[in-house]
Amino acid sequence: MQVTFKLFAMLQDYLPPEGRKDNVLALDLADGTTIQQVIERFALPEKSCKLVLVDGTFVPPAERDTRTLKEGETLAIWPPIAGG
Amino acid sequence: MAWTSKVLRVDLTKGTCKSEPLNMEWAQQYLGQRGLATKYFISEVDPKVDPLSPENKLIMVTGPLTGTMASTGGRYSVVTKGALTGAIACSNSGGYFGAELKFAGWDMIIFEGKSPKPVYLSIENDKVELKDAAGLWGKTVWQTEEIIKKSHQDPQLRVSSIGRAGENGVMYAGIINDLHRAAGRSGVGTVMGSKNLKAVAVRGTLGVGNIKDPRAFMVATMAAKKVLADNAVTGQGLPAYGTQVLMNVINEMGALPTRNHRDVSFEDGRKISAEAMAEKRPTDGKSHLVTNAACFGCTIACGRISKIDETHFSVVNKPEYWGASGGLEYEAAWALGAANGVGDLEALQYANLLCNEDGMDPISFGATVGAAMELYDLGILTKEQIGMEAPFGSAKALCELAEMTVKGEGFGKELGLGSARLCEKYGRPDLSMSVKKQEFPAYDSRGIQGMGLTYATSNRGACHLRSYTVASEVLGIPFKTDPLVTEGKAGLVKAFQDATSVFDSAGVCVFTTFAWSLADLQPQLDAACEGDWTMEKLAEVGERIYNMERLFNNAAGFTAKDDDLPPRLKTEPAKTGPAKGLVNGIDLMRPEYYQLRGWDEQGVPSQETLSRLGL
């Protein structure tokens, strides 16, 4: 299945060069892949995965192990950041 | 005690400057800065005063921690009745001016009356003088600072001034210090301009040596600085990417107001984000962002310093804008960009530079451009009226309209009215995205429900800095709440409003609250300030300040009807994203909020509430 994967701020360094320009990478994943599996595949530090959104909706840390991604969804992750 | 215990009262009509003792009883009840100056203001000014009349007053005020070694202790505020809103106004600024004012030995300056001719106030410790500003009138903020420093032969002067926007009656003119730090909102610069007061130049060499318990204060401030340094947000995220890092977050979650709130996501959001600012440009191989920057005493350093693309159409023949300067911050980038559909980062920075150079709130300006572009899109405003084609997305129109507005030329004069007055004039008041005539900042309240209540009940008109529930609803600080529901938001907003009132009255930056709670601020205040500053006392002070501001607004004529959102946010559901199909539930949240506040159904504090808070 095709999933859109986005990493922002300091995490964008974990994307391959072709993804860094726009913070986005198209992923071809096996059905049933969880958010946690994607995090591990890209070796993202756990403590840096503060804000995890799937199609803009927050996924709590406790659900990352079980939340499977679906065809066409967008997974976006930020480290701890703030603004205002 | 950390207060200097001295107030400078400047009668602009008579041209006199007098020192008077600070009311220490009030200092114990209202702490400083926002709270204490507002207490002075409402005690001296008729709530129904015309904001632009000589009878309005304007107070520049520091907090007890301003100028101390507390992290971010460089803040000062401007308190007045806002020109844009007609409500109580309190605009807070960083930079170095506030600390310098404290070093000169003053807690606050109260300006009253109106000078018969342009003047500026010169302060060198106790030596205070109103000086002729005929040669400064008509100059920009940047020119004014340079001229004053040269004429005083003192490059270490700190200057706070208005630009041409404040002189020309732009209703959302701000007061700029240190070239690009702003007391930006509610038209405090417009009030300053109406008094023929161009600038305040201050040099202070007295320091702040009156801390109650210096040893305890050093221990407390060091511990609090460690909290900021160890926190991933204040220690790493903000210094590296600044506030602008929110652009992609808020856009991804479908809460980025776009094209005057017609849409909730912006297709070009990434092009105007922090990540884009850090990339090398194809034109010159340089990044927009040069470095981060800190205000006085700040150990976070979230500020952005950027260099505009010299080949960009806006500045190609204007080398005066090619140097490194402040911006872009998130709110300005949103208002100048997404709010009117412009995805040209360099154009946003040019408009932002003009706002800094001539003292104009970029939030209200950008959002007013968005309203004008919608009026143009609907055919209500024409190319002939505006003087150019002004469709959503036009970077050229944005830049030209910014130039016209600061100069008060052509249609810029109408943009200077703000969106509420502009849309009213053209028969579509519903198209002003504002509360109490002040434009929304960068969060769509259909996608972040608590911000709807924040905007509606903000005492200074729509504002994110009165209760930043985004911290909880989006970022999980101090705990995560669901942005799409109204349940629990009344209590959340009240808690944020009361706590923020304390931080705004202490002399520190509200951005510390991404890491600090009141429990981190309390030991610093207790060690610095005379009196017993317990957590309970601080909580009560915060609630007292919010209610005091409310009383002023009620007396000024505001009612529960003014605690509301524009019809678009209540009747036009979000088109995309997680909030698709949702409107803001302000009518559900407001009654509970009033109840929690101890206000009646009309938003009037009950006698019991007033008695409990000593009001």
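The values are calculated or read from the model by the stated rules, or taken from the named source; none is laboratory data. Everything numeric here is computed off the predicted structure, so don't read it as measured data. For neighbour counting, all protein chains shown are included, and Cβ atoms are generated from backbone atoms with ideal geometry for every residue, glycine included. What goes into the accessible areas is simple: the full protein's heavy atoms, side chains included, and nothing from ligands, DNA or RNA. Shrake-Rupley method; radii C 1.70, N 1.55, O 1.52, S 1.80 Å.
For region A:12-24, the condition holds for at least one residue, the condition being that it is within 11 Å of chain B (Cβ to nearest Cβ), in a helix (DSSP H, G or I) and touching a helix residue (DSSP H, G or I) at 6+ places or on another chain (Cβ under 6 Å). Each residue in region B:558-587 was checked for being surrounded by 15 or more Cβ atoms within 10 Å (Cβ to Cβ) and part of a helix (DSSP H, G or I), and 6 pass. Could you list, in sequence order, all residues of region A:1-10 that are within 11 Å of chain B (Cβ to nearest Cβ) and either in contact with a Ser or Thr (Cβ under 6 Å, 6 or more places away or on another chain) or surrounded by fewer than 15 Cβ atoms within 10 Å (Cβ to Cβ) (or both)? A:Thr4, the sole residue that qualifies.
The set of residues in region B:78-92 being of a type in the set (Gly, Ala, Ser) and closer than 9 Å to B:Phe41 by Cβ is empty.
Conditions tested, residue by residue: (1) open to solvent by 10 Å² or more (accessible area, probe 1.4 Å); (2) free of Cβ contacts under 8 Å to residues at least 12 places away in the same chain; (3) among the aromatic types (Phe, Trp, Tyr); (4) farther than 20 Å from B:Glu331 by Cα.
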position	(1), (2), (3), (4)
B:Ser364	no, no, no, no
B:Thr368	no, no, no, no
B:Ala371	no, no, no, no
B:Asp377	yes, no, no, yes
B:Ile386	no, no, no, yes
B:Leu398	no, no, no, no
B:Ser419	no, no, no, no
B:Cys423	no, no, no, yes
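Could you list all residues from region B:310-351 that are in a helix (DSSP H, G or I), open to solvent by less than 10 Å² (accessible area, probe 1.4 Å) and under 21 Å from B:Glu146 (Cα atoms)? Passing the criteria: only B:Tyr350. Which residue out of B:Glu129, B:Glu145 is part of a strand (DSSP E or B), at pLDDT 95 or above and either farther than 20 Å from B:Leu206 by Cβ or open to solvent by 10 Å² or more (accessible area, probe 1.4 Å) (or both)? Among B:Glu129, B:Glu145, only B:Glu129 is part of a strand (DSSP E or B), at pLDDT 95 or above and either farther than 20 Å from B:Leu206 by Cβ or open to solvent by 10 Å² or more (accessible area, probe 1.4 Å) (or both).
Within region A:41-74, the set of residues being within 14 Å of chain B (Cβ to nearest Cβ), open to solvent by less than 60 Å² (accessible area, probe 1.4 Å) and in contact with a strand residue (DSSP E or B) (Cβ under 6 Å, 6 or more places away or on another chain) comprises A:Cys49, A:Leu51, A:Val52, A:Leu53, A:Val54, A:Val59, A:Glu73, A:Thr74.
If the condition is being closer than 22 Å to A:Glu73 by Cβ, surrounded by fewer than 24 Cβ atoms within 10 Å (Cβ to Cβ) and within 12 Å of chain A (Cβ to nearest Cβ), then region B:251-268 contributes only B:Ser265. Of the listed requirements (1) within 14 Å of chain B (Cβ to nearest Cβ); (2) open to solvent by less than 10 Å² (accessible area, probe 1.4 Å); (3) part of a helix (DSSP H, G or I), A:Val38 misses just one: (1). Just one of (1) open to solvent by 40 Å² or more (accessible area, probe 1.4 Å); (2) in a loop (DSSP other than H, G, I, E, B); (3) of a type outside the set (Val, Ile, Thr); (4) touching a strand residue (DSSP E or B) at 6+ places or on another chain (Cβ under 9 Å) fails for A:Ala30. It is (4). Taking region B:2-18 as the range and being over 25 Å from the mean Cα position of the chain (by Cα) and farther than 13 Å from B:Val61 by Cβ as the test, the residues that pass are B:Ser5, B:Asp11, B:Leu12, B:Thr13, B:Lys14, B:Gly15, B:Thr16, B:Cys17, B:Lys18. If you filter region B:473-482 down to residues that are over 22 Å from B:Glu331 (Cβ atoms) and out of contact with any Gly (no Cβ under 9 Å at 6 or more places or on another chain), you find that the one that is nearest to the other protein chains (Cβ to nearest Cβ) is B:Lys480. Quick check on this structure: which one of B:Ala555, B:Ala539 is out of contact with any Asp or Glu (no Cβ under 7 Å at 6 or more places or on another chain), open to solvent by 10 Å² or more (accessible area, probe 1.4 Å) and among the hydrophobic types (A, V, I, L, M, F, W, C)? Only one candidate passes the filter, namely B:Ala555.
Note on region B:2-51: among residues that are within 12 Å of B:Met108 (Cβ to Cβ) and of a type in the set (Val, Ile, Thr), the one that is most open to solvent (accessible area, probe 1.4 Å) is B:Thr4. Selection of first residues in region B:279-306 that are more than 13 Å from chain A (Cβ to nearest Cβ) and of second residues that are open to solvent by 60 Å² or more (accessible area, probe 1.4 Å) and aromatic (Phe, Trp, Tyr), restricted to Cβ pairs under 9 Å at least 6 apart or on distinct chains, gives the following pairs, ordered by first then second residue: B:Cys295/B:Tyr96; B:Phe296/B:Tyr96. Restricting attention to region B:560-585, the residues that are among the small types (Gly, Ala, Ser) and without any contact (Cβ under 8 Å) to a residue 12 or more places away in the chain add up to 1. All of B:Val510, B:Val470, B:Val485, B:Val502 fail the test of being open to solvent by less than 10 Å² (accessible area, probe 1.4 Å) and within 14 Å of another protein chain (Cβ to nearest Cβ), apart from B:Val470. Just checking, does region B:539-550 include any residue being touching a residue at least 40 places away in the same chain (Cβ under 8 Å) and part of a loop (DSSP other than H, G, I, E, B)? Within region B:539-550, not a single residue is touching a residue at least 40 places away in the same chain (Cβ under 8 Å) and part of a loop (DSSP other than H, G, I, E, B). Taking the criterion of being assigned to a loop (DSSP other than H, G, I, E, B), over 29 Å from B:Tyr330 (Cα atoms) and out of contact with any helix residue (DSSP H, G or I) (no Cβ under 9 Å at 6 or more places or on another chain), the residues of region A:41-84 that qualify are A:Lys70, A:Glu71, A:Gly72.
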